[in-house]
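The values are calculated or read from the model by the stated rules, or taken from the named source; none is laboratory data. What you see is a predicted model; the values in this text were computed from it and never measured. Backbone-built Cβ (ideal geometry, glycine too); neighbour counts: all protein chains shown. Areas reflect the complete protein model, heavy atoms only, side chains present, ligands, DNA and RNA absent. Shrake-Rupley method; radii C 1.70, N 1.55, O 1.52, S 1.80 Å.
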Amino acid sequence: MATTISIPVGGMTCAVCAQRVEKALSNVDGVSQATVNYANEKAIVTYEREQTNIEQLRTAIEKAGYAALTTSLSDSLAADQSYHAEQLRLGWTRFALAAIVSLPLLYLAMVPMLPTLIAGTITLPFPTSLSPDNHPLAFALTQLALCSVVIAVGYRFYVDGFRAMLQLSPNMDSLIALGTSAAFIYSIANTIAIARGNHHLVHSLFFEAAATIITLIVLGRNLEAQAKDQAGSAIKSLMRLAPQTAILLQPSRYEGAATNATPPATAPATNAAPPTAADLETEIPVDKVEPGDILIVRPGARIPVDGIVIAGSSAVDESILSGESLPVDKTAGDLVYAATLNTTGALRFRAEKVGADTALSQIIAAVEHAQGRKAPIARLADQVSGIFVPIVFALAVCSTLAWHLAIRFGWFNLPAGSDPIAFVMNIFISVLVIACPCALGLATPVAIMVGTGRGAELGILIRSGEALEKAGNINTIILDKTGTVTSGKPTLTDLVIAPGFQGQTSLPGQSLSAQNTLLALAASAEFNSEHPLAKAIVLAAEDQDIKLQPTSSFEAKPGFGIKATLADNRQVLIGNASLLNQSGIDTSSMDSEFESLANDGKSAVYVAVDGTLSGMVALADQSKPSALPAITRLQKNGLSIALLTGDSHQTAQAVARELAIDQVISEVLPSQKADQVAELRAAGFKVAMVGDGINDAPALIEADLGLAIGSGTDVAIESADIVLTKDDLLDVPRAIDLSRLTLRTIKQNLFWAFAFNTIALPVAAGLLYIFGGPLLNPIISAFAMSASSLVVMGNALRMKTKRI
């Protein structure tokens, strides 16, 4: 049996690390798919439970050199927060220590090389005992001591970097470790030479470069970690809303639970008063709640698990799940959901879904799953990241050798007094340090993290990065009519009075207009019918506070209508023309009204009282209030809209006219919906299908992109790529706009990442210097490398401020 699990992974420092973990997991027997997201530091693994288990997956991660954190849903947020908070605290501590040491080292190394300021009248203070010209050995040894401290602070770069090299899988840490080690070792060698009398080498030390590179990269990593935390803040904020405890009314299940009542020292007398409700309340951890437990939630508290109300009434704020701002009234029999806020009254409810089965947990799991799945657009970046580090190694070596040979054989002349070895070492270090696979690795996942998180805040659940990419490329949207564009329930739209009914304007006990009298008679007659149209007529009368008469007889005539006798002995016929004609009642006087209503897509039935045509009642499945603005917005965005329905062409055309939809596909059987989608796709259109019913599921699967309205069936929701949790059609253009924004951000990030490395590497290799330009300092290279990742993160975080 295949199972998919999310495993938080600690210790990854770049995109290459994520690929190493992914490879290690993929090599485990029974794993069918493994993807690792460097941005949210999670592995999504699909495996066969008969062949492997979670512990073996964790072991594979740890053998690859990384930490496998807790996979428990109840503990994951706390563990994730604790781990990342500790890592960030350590990171900033390391940076503070490195900066405290690096700043005087940088000052010591750079000041002797700076010209006198303001025409020689002001100079920067500098200890004469460390003058490189007068005391070169003291100058070099002081730098060595300070640099050694920074190297010790950044020891993880060397442990992880060289280990990755030994495993033939070099990563970003390997580039940093090799570049700074080369600078450090070269400088130590020169320090030894200085001690032996070669004082001119005092100007060929790279201690300050090695220390500053480590300091800048530690700073960049900390800023990147904070940016990644912000990128995932939407889901974390949802997780924080889940209560950690619940109030149980069955304390006997749990030994040692803290109850409100203190147990008596001796057994109570047999005639003692029974315990009160308060005595039975026990506060327990929410992960101890089991289905069937009876829980209580008071005003102002959040509901701990999904359940069904058995007593009490209240209004519950469900905005975190539905996005609706108004609280929803809850009474016995209503569903309540974990993390929603109880506002006014106490509720007693039975737990139905707990732990990973709650609606909130499923939303979080769906979003995390989406964030873990890679979009097709990321494949090129993954392929480049996989070979990036070896290419950079090769480029560093080749450029260093090329410069060495050019200088040695006189093809290129350095300025007088320049040290050739120091020059080529500068090239080598700069190339290694400026290379940035992190920007490539972050370009796609961080944008997907922000996009899916923003969607979750809006009630738009995007199931994968691939769905985001597809949604961004859609050009045609098919809307199922019933339940998606319309409410799915008939409502009364028209009451048309026949000329002969004008004088009949009263009923026993109430004075009504002619129209309301017609409605009262029709609703009284239809009260016992189970037909949806009949229920709509009765509901319309109840909304008008019209009192209905009981019936003394009722007869349903399938395919025709109903016949009823009211308590005041009035005979009422409601149905089609055939029913009335069979009773000798002529309906031709209202033919024009009937045709007009039919052209508007309404279902009209005749009403006759005591053998006389009294009027018509018209009903329709009306469009949702959000339908027209949603369709208008989609059309403004350049999307073609098609209406798909099994209704008659006349009814479909009426709805299409109301909503300004040009293309109508009507009289389609449920089994043919997927075929209609396939036809449009075959014609070259990128098709999105929006539906809500079981019969929409095949079409949702067939479409390039399936969107399910959240009020729909579970089958439709499971078949969809995007789930709209609110019953609001405006979420369709919001989902498309969000997807387009995310896709645009991904492309911008990829362009920046590729452009940065394409330009930076040749510059670091000395390309500009050949034509008289500057030679890149390794310190500037380290700063540029850290900045490149932050640019990608910042660009993605901009999406949080965009209006969707």
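A few points about this structure:
- Leading residue by the ranking (farthest from residue 453 (Cα to Cα)) among those in the range 674-697 that are open to solvent by 40 Å² or more (accessible area, probe 1.4 Å) and modelled with pLDDT under 80: 695
- Among the residues of the range 5-43, the ones that are among the polar types (S, T, N, Q), farther than 21 Å from residue 366 by Cβ and in contact (Cβ under 8 Å) with a residue 60 or more places away in the chain come to 2 in all.
- Boolean, residue 620 is in contact with a Leu (Cβ under 9 Å, 6 or more places away or on another chain) and assigned to a strand (DSSP E or B): yes
- Evaluated against (1) of a type in the set (A, V, I, L, M, F, W, C); (2) open to solvent by less than 60 Å² (accessible area, probe 1.4 Å); (3) more than 50 Å from the chain's Cα centre (by Cα), residue 546 falls short on exactly one condition, (3).
- One residue stands out among those in the range 581-602 that are of a type outside the set (Ser, Thr, Tyr) and more than 58 Å from the chain's Cα centre (by Cα): the one that is nearest to residue 648 (Cα to Cα), which is 581.
- Residue match in the range 604-613 (condition: assigned to a strand (DSSP E or B), open to solvent by 60 Å² or more (accessible area, probe 1.4 Å) and touching a residue at least 24 places away in the same chain (Cβ under 8 Å)): yes
- For the range 548-574, a residue qualifies if it is touching a Gly at 6+ places or on another chain (Cβ under 7 Å) and among the small types (Gly, Ala, Ser), and exactly one does: 561.
- Evaluated against (1) touching a strand residue (DSSP E or B) at 6+ places or on another chain (Cβ under 6 Å); (2) open to solvent by 30 Å² or more (accessible area, probe 1.4 Å); (3) at pLDDT below 90, residue 700 falls short on exactly one condition, (2).
- Applying the condition of being of a type in the set (Asp, Glu) and not in a helix (DSSP H, G or I) to the range 37-55 and asking which residue is surrounded by the fewest Cβ atoms within 10 Å (Cβ to Cβ) yields 50.
- Considered as a group, the residues in the range 746-767 that are among the polar types (S, T, N, Q) and under 31 Å from the mean Cα position of the chain (by Cα) include one that is modelled with the highest pLDDT, and that residue is 748.
- Test: residue in the range 553-567 that is surrounded by fewer than 18 Cβ atoms within 10 Å (Cβ to Cβ), at positive phi and at pLDDT 90 or above: no
- Residue 34 vs. criteria at pLDDT 85 or above, touching a Phe, Trp or Tyr at 6+ places or on another chain (Cβ under 9 Å), surrounded by fewer than 20 Cβ atoms within 10 Å (Cβ to Cβ) and among the small types (Gly, Ala, Ser): no
- Near pairs, Cβ below 9 angstrom, 6+ apart or cross-chain, from the range 414-438 (among the aromatic types (Phe, Trp, Tyr)) to any residue that is not in a helix (DSSP H, G or I): 423/414; 423/766; 423/775
- Within the range 542-564, the presence of at least one residue that is in contact (Cβ under 8 Å) with a residue 40 or more places away in the chain and of a type in the set (Gly, Ala, Ser) is confirmed.
- Top-ranked residue in the range 456-467 [being touching a Leu at 6+ places or on another chain (Cβ under 9 Å) and over 14 Å from residue 732 (Cβ atoms); ranked as least open to solvent (accessible area, probe 1.4 Å)]: 456
- Just one of (1) farther than 25 Å from residue 215 by Cα; (2) surrounded by 20 or more Cβ atoms within 10 Å (Cβ to Cβ); (3) of a type in the set (S, T, N, Q) fails for residue 801. It is (2).
- Top-ranked residue in the range 460-484 [being among the acidic types (Asp, Glu) and part of a helix (DSSP H, G or I); ranked as farthest from residue 626 (Cα to Cα)]: 466
- Looking at 204, 181, just one residue is surrounded by fewer than 24 Cβ atoms within 10 Å (Cβ to Cβ), among the polar types (S, T, N, Q) and at pLDDT 85 or above, and that residue is 181.
- Given (1) in contact (Cβ under 8 Å) with a residue 24 or more places away in the chain; (2) open to solvent by 40 Å² or more (accessible area, probe 1.4 Å), index of the condition residue 746 fails: (2)
- Positions within the range 107-124 being open to solvent by 50 Å² or more (accessible area, probe 1.4 Å) and modelled with pLDDT of 80 or more, in sequence order: 107
- Checking 470, 489 one by one, the residue that is farther than 30 Å from residue 682 by Cα, within 44 Å of the chain's Cα centre (by Cα) and either of a type in the set (Lys, Arg) or surrounded by fewer than 23 Cβ atoms within 10 Å (Cβ to Cβ) (or both) is 489 and no other.
- Some residue of the range 768-790 being at pLDDT 90 or above, open to solvent by less than 20 Å² (accessible area, probe 1.4 Å) and either β-branched (Val, Ile, Thr) or over 30 Å from residue 692 (Cβ atoms) (or both): no
- Number of the exception - residue 642 against (1) in contact with a strand residue (DSSP E or B) (Cβ under 8 Å, 6 or more places away or on another chain); (2) open to solvent by 50 Å² or more (accessible area, probe 1.4 Å); (3) within 17 Å of residue 688 (Cα to Cα): (2)
- Among the numbered conditions (1) at pLDDT below 90; (2) in contact with a helix residue (DSSP H, G or I) (Cβ under 9 Å, 6 or more places away or on another chain); (3) farther than 20 Å from residue 319 by Cα, the only one that residue 724 does not meet is (3).
- Applying the condition of being part of a helix (DSSP H, G or I) and open to solvent by 70 Å² or more (accessible area, probe 1.4 Å) to the range 405-434 and asking which residue is farthest from residue 157 (Cα to Cα) yields 408.
- Taking the range 515-533 as the range and being within 18 Å of residue 559 (Cα to Cα) and at pLDDT below 90 as the test, the residues that pass are 528, 529, 530, 531, 532, 533.
- Test: residue in the range 622-630 that is basic (Lys, Arg), crowded, with 16+ Cβ neighbours inside 10 Å, over 18 Å from residue 487 (Cα atoms) and in contact (Cβ under 8 Å) with a residue 12 or more places away in the chain: no
- Residues that are open to solvent by less than 10 Å² (accessible area, probe 1.4 Å) and within 9 Å of the chain's Cα centre (by Cα), drawn from the range 435-455: 448, 449, 450, 451, 452, 453, 455
- Which listed residue is at pLDDT 90 or above and crowded, with 20+ Cβ neighbours inside 10 Å, from 187, 169: 187
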